[in-house]
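Novice: Handing you a structure now.
What follows is calculated from the coordinates using simple rules that are stated; it is not laboratory data. For clarity, every value in this text was computed on a predicted model and none was experimentally measured. Here Cβ is always computed from backbone atoms with ideal geometry, including for glycine, and neighbour counts include all displayed protein chains.
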Amino acid sequence: MAASFEDLKVWQKARELANLIYTASRQDEFARDYGLADQIRRAAVSVLSNIAEGFERGSYAEFIQFLYIAKGSCGEVRAQLYIARDQKYLLESTFQRCHALAVEVSRMLSGLADHLKSSHRRGDKFRRPQPKPWAEQVKELMDELTKE
């Protein structure tokens, strides 16, 4: 598993998607449609935010849950891209680029969730502390006894 959520390829791609959405939604007519521009931006940010939050929870079960929330937000981005294209806020090439990246992120989220579901590990949150070596336990016990 990655050391941090920033190391995850899916988070990096989701960040790329959010930045692409921000750039696209700054364009002329799209920028003037405050509602749609705000909603698609929030949905795009939600994707990478949920990946990060789920990762930081420390349990595979919670991470999987947040990956599916991120996947839902990714679907929301795709739906809103269609509206933006229908309203002619986006060039077809920009729509295609954003849509393809959103589909890629969605597939990566599914793949990671499936991988985690098949794992026998439960996550760092449930990692049991390793017992101390016997000699160290005896020393601590002797130290406690001599304090009294």
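Novice: Short version: ³J(HN,Hα) in whole Hz for each residue of region 62-75, in order, from phi by Karplus 6.51 cos²θ - 1.76 cosθ + 1.60 (θ = phi - 60°), x for Gly and Pro, what are they?
Specialist: Each residue's phi maps through the Karplus curve to give 5, 4, 4, 4, 5, 5, 6, 5, 4, 5, x, 5, 5, x Hz.
Novice: Take peptides 21-33, 101-113 and line them up by average Cβ neighbours within 10 Å, highest first, as a rough protection proxy.
Specialist: Numbers: 21-33: 15.2, 101-113: 19.8.
Those peptides, ordered most packed to least, come out 101-113, 21-33.
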